[in-house]
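A.B. asks: Please find one structure pasted underneath; my questions will follow.
Throughout, read-outs are computed from the coordinates displayed, never taken from laboratory work. What you see is a predicted model, and the numbers here were worked out from it, not measured in a lab. Every residue, glycine among them, receives a Cβ derived from its backbone with ideal geometry; neighbour counts consider all protein chains shown.
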Amino acid sequence: MSDSTVLEPANAFRSTMGKLATGVSVITTRTADRPIGITVSSVASLSLDPLQVLVCVSNHLYTRTAIEEHGRFAVNILGEEGEYLARQFASSRPDKFTGVDIQEDHGVPVLRDAIAYLVCDVSDVLPGGDHTIFVGDVRHFEHIQDGRPLLFFAGAFHALPGAAAG
């Protein structure tokens, strides 16, 4: 008997989708008085002309409201050394930026320990069940440092096998 036959549909779906390895990013934005951020694995390149990405954010998170109100967000792509950032921004702690080295770029916080980042203007907001899909026009992007991506697979963080990239 497969896992999907004994689990409730939502849990079975989560277990099935857990078989899809994804990169890990931290989405950051700003309110009037503070930076906001969350860890996500649902980021995708959408278009080359114009340059666009899409990001999915849970509707129950304040970050969703902050992105919509600010109109701009950053996608901070984490390297395999960035698991601590993924865990910190996935937590429910009130100040996720404590001890995190950031810089401002186009009005949003960017994580200096990411391997790359993109700053995006929200161009479209679409419903996606219990998530909101933000389409972002890429305003700026930068490769910060060499490194291999942090991956999420089967409910855990992973690095690519083999020797680290140089």
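A.B. asks: Got a sec? Charge dipole of segment 9-152, +1 on Cβ for Lys and Arg, -1 for Asp and Glu; which of F89, L61, N11 is way out at the positive end?
C.D. replies: With unit charges placed on the Cβ atoms, the residue in question is N11.
A.B. asks: Placing unit charges on C-beta atoms (Lys and Arg positive, Asp and Glu negative, everything else neutral), compute the dipole magnitude of the chain about its Cα centre in debye, rounded to 20. Display every interim value, and only then the final one.
C.D. replies: Numbers: 12 positive and 20 negative charges, 65 e Å.
About 320 debye.
A.B. asks: Specify which residue in the list V138, S42, A74 is farthest towards the positive end of the charge dipole of segment 9-152, using unit charges on the beta carbon of Lys, Arg (+1) and Asp, Glu (-1), about the Cα centre.
C.D. replies: S42
A.B. asks: Using only the alpha carbon atoms of segment 57-123, find the Kirkwood hydrodynamic radius as the inverse mean reciprocal pair distance, in angstroms to one decimal. Numbers along the way, then the final one.
C.D. replies: On the way: mean 1/r = 0.0782 Å⁻¹.
That comes to 12.8 Å for segment 57-123.
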